[in-house]
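Visitor: Below: one structure in structure tokens.
The values are calculated or read from the model by the stated rules, or taken from the named source; none is laboratory data. Keep in mind the model is a prediction, meaning the values are calculated, not measured. Cβ placement follows ideal geometry from the backbone for every residue including glycine, while neighbour counts extend to all protein chains displayed.
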Amino acid sequence: MNVKVPKSKQEFLTQCTDAAVTLPYADDLTPLAKPLTIGTKVAPNRIAYQPMEGCDGTPSGCPDTLTIRRYDRFACGGAGLVWVEAMAVAEEGRANPRQLYFHDGNADDFARLVERIKTTCLKENGYEPIVIAQLTHSGRYSKPEGERAPMIACRNPLLEQNAPCTDADIVTDDYLDALGESLISAAARAERAGFDGADIKCCHRYLLCELLSSYSRPGKYGGSFENRTRLLRESVKGSLQACGRDFIVTSRLNLYDGYEYPLGFGTREGYGIEPDYTEAIALVKELASYGVKLLNFTMGNPYFNPHVNRPYARGGYEQPEHPMVGCARMSDGIATVAREIPSVAVISSALSYMGTESAHVAAACVENDRYAMAGFGRLILAYPDLARDILRDGKLYPEKICMACSMCTQIMRQKGGTPGCVIRDAEVYAPIYKELVKK
Ligand SMILES: Cc1cc2nc3c(=O)[nH]c(=O)nc-3n(C[C@H](O)[C@H](O)[C@H](O)COP(=O)(O)O)c2cc1C
């Protein structure tokens, strides 16, 4: 499929027609400038910078030079909310040897990072963003030493076609009990370090997300809806109890994995890969009843069906659908679930493929209450000051946008690769990309 990221309204509308989808669209971007109250905190605008891992921490898991550079750029950019990338809460659950790893021994390094994000944004933009810590265990995708060391919730023949596992890789209930405790302690540590909130990460088929569809797992974490959602629910509840009432306890949550029942979440028997949000709605209503005020919705598995997770122009395989179909699935799915929990502010995902027009789609969605905040991912690596341009100039500039070329993820998948934007941040990332291609 020969597609390019749209750089004008006309190109966007043509692609929507080609893909036979409709997405909301507003010419006026001012809805994105409205503040948003989340519990007792206020985000100064409706633009969220999604977690974007750089795989560039120190071996002991602290932010390193490139990590700090990335957050400096994000802080200058002026987003109302910065969702700090995946931070492992267990050494064996790191996705790579340079993934951030958050523990008692390095909490001060993270406190300095948060302080730096807040003061930089204040100095550059006149306000502080809300800063969230993403707490994770990489589960099936753990590679703490750089080689696969999977820790899985249950066997999955689809995902194991190219990445074999054994029954010995299934984590025990005791391990999951202890992980729940680690997540709760990490949320409390994040509060002490100055974060405004902590995300019990449950997306992209990492361990907690995999549990959501562990239909075949025996015991208290498998089988029934109650069991499959237990670790997320108890970690959220425990974190709410362990932290102060101003602290935001949240989750980045997969609404739909994109594979058939019983291999994934968000589908039902006999309906193939057609999304079914019944369980996602039941889960978010339950989280809302605990007092959760913010959720960040996403879909898919970046290792298995990236066209669902982050629609692209160029990627590792020929995608089975027009990328605009993926953008519409994400937007409509998020709106369908968000509508059921009016007390919760919802952040959207997967806007980047829509290029300059992503801000117009987001403004319409915020204005029409489809979701409360627009979450930008790849675009912020290419265009870290996008919030400023939206708020100040009322538009995004075509020469700065992400081309959805997947070079950032190509770097990420290579051993030792530290992803960034090869095209727009070429001074730093083009040499890194060239070196990896040579290898
Ligand atoms: C290089 C890279 C790093 C990412 N790191 C994270 C991460 O740490 N945590 C997370 O939840 N998602 C992560 N994602 C997913 C993005 O946050 C986002 O969901 C995805 O790119 C789709 O949004 P977009 O279309 O705006 O890029 C990453 C994606 C990329 C390409």
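One line per residue, one yes/no per condition, for (1) out of contact with any helix residue (DSSP H, G or I) (no Cβ under 7 Å at 6 or more places or on another chain); (2) under 22 Å from ARG424 (Cα atoms); (3) in the same structural domain as LEU183 (by TED's automatic domain parsing); (4) surrounded by fewer than 18 Cβ atoms within 10 Å (Cβ to Cβ):
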site	(1), (2), (3), (4)
ASP28	no, no, yes, yes
LYS34	yes, no, yes, yes
ILE38	yes, no, yes, no
LYS41	yes, no, yes, yes
PRO51	yes, yes, yes, no
GLY77	no, yes, yes, no
GLY80	yes, no, yes, no
ALA90	no, no, yes, no
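Visitor: Select the helices (runs of 4 or more DSSP H) contained entirely in segment 331-415, then report the ones holding at least 1 residues which are surrounded by fewer than 19 Cβ atoms within 10 Å (Cβ to Cβ), modelled with pLDDT under 95 and within 14 Å of the ligand (Cβ to nearest atom).
Guide: Fully inside segment 331-415 and qualifying: 407-413.
Visitor: Now for a separate question. Against the definition (modelled with pLDDT of 95 or more and either buried (at least 21 other Cβ atoms within 10 Å of the Cβ) or touching a Lys or Arg at 6+ places or on another chain (Cβ under 7 Å) (or both)), how does HIS307 come out, yes or no?
Guide: yes
Visitor: Looking at segment 118-163 only, could you name the residues that are closer than 25 Å to CYS202 by Cβ, touching a Leu at 6+ places or on another chain (Cβ under 6 Å) and not in a strand (DSSP E or B)?
Guide: Selection gives PRO129, HIS137, GLY139, ALA153, ASN156, LEU158.
Visitor: Related question: Given the criteria in the same structural domain as PRO306 (by TED's automatic domain parsing) and in contact (Cβ under 8 Å) with a residue 24 or more places away in the chain, does TYR397 qualify?
Guide: So TYR397 passes the test.
Visitor: While we're on this one: Could you tell me whether GLU181 is touching a residue at least 60 places away in the same chain (Cβ under 8 Å), over 21 Å from LYS41 (Cβ atoms) and of a type in the set (Asp, Glu)?
Guide: When the stated conditions are applied, GLU181 does not pass them.
Visitor: Might you check whether a residue that is away from the ligand (no atom under 16 Å from the Cβ), among the hydrophobic types (A, V, I, L, M, F, W, C) and either at pLDDT below 95 or crowded, with 21+ Cβ neighbours inside 10 Å (or both) occurs anywhere in segment 430-439?
Guide: Taking every residue of segment 430-439 in turn, at least one turns out to be away from the ligand (no atom under 16 Å from the Cβ), among the hydrophobic types (A, V, I, L, M, F, W, C) and either at pLDDT below 95 or crowded, with 21+ Cβ neighbours inside 10 Å (or both).
Visitor: Can you confirm whether segment 145-164 contains a residue that is under 25 Å from LYS415 (Cα atoms), of a type in the set (S, T, N, Q) and surrounded by fewer than 13 Cβ atoms within 10 Å (Cβ to Cβ)?
Guide: Yes, because at least one residue in segment 145-164 is under 25 Å from LYS415 (Cα atoms), of a type in the set (S, T, N, Q) and surrounded by fewer than 13 Cβ atoms within 10 Å (Cβ to Cβ).
Visitor: Moving on. Name the pairs: first residue in segment 310-322 and of a type in the set (Phe, Trp, Tyr), second residue within 11 Å of the ligand (Cβ to nearest atom), Cβ to Cβ under 6 Å, at least 6 apart or on different chains?
Guide: TYR312/ALA404; TYR312/SER406
Visitor: Mind listing just one residue for me: the one in segment 287-306 that is within 22 Å of ARG329 (Cβ to Cβ) and not in a loop (DSSP other than H, G, I, E, B) and, of those, nearest to the ligand (Cβ to nearest atom)?
Guide: Among them, the one singled out is THR298.
Visitor: A further question on this structure: Just checking, does segment 107-114 include any residue being closer than 26 Å to ILE390 by Cβ and either out of contact with any Ser or Thr (no Cβ under 7 Å at 6 or more places or on another chain) or exposed (fewer than 15 other Cβ atoms within 10 Å of the Cβ) (or both)?
Guide: Yes, some residue in segment 107-114 is closer than 26 Å to ILE390 by Cβ and either out of contact with any Ser or Thr (no Cβ under 7 Å at 6 or more places or on another chain) or exposed (fewer than 15 other Cβ atoms within 10 Å of the Cβ) (or both).
Visitor: Something else about it: Go through (1) in contact with a Gly (Cβ under 8 Å, 6 or more places away or on another chain); (2) surrounded by fewer than 22 Cβ atoms within 10 Å (Cβ to Cβ) and name the single condition ALA288 misses.
Guide: (1)
Visitor: When segment 46-62 is examined, which residues are found to be of a type outside the set (Gly, Ala, Ser) and either away from the ligand (no atom under 13 Å from the Cβ) or over 19 Å from the mean Cα position of the chain (by Cα) (or both)?
Guide: ARG46, THR58, PRO59, CYS62, listed by residue number.
Visitor: For THR418, indicate whether it is within 11 Å of the ligand (Cβ to nearest atom), within 30 Å of GLU147 (Cβ to Cβ) and outside any loop (DSSP other than H, G, I, E, B).
Guide: Judged against the criteria, THR418 is not a match.
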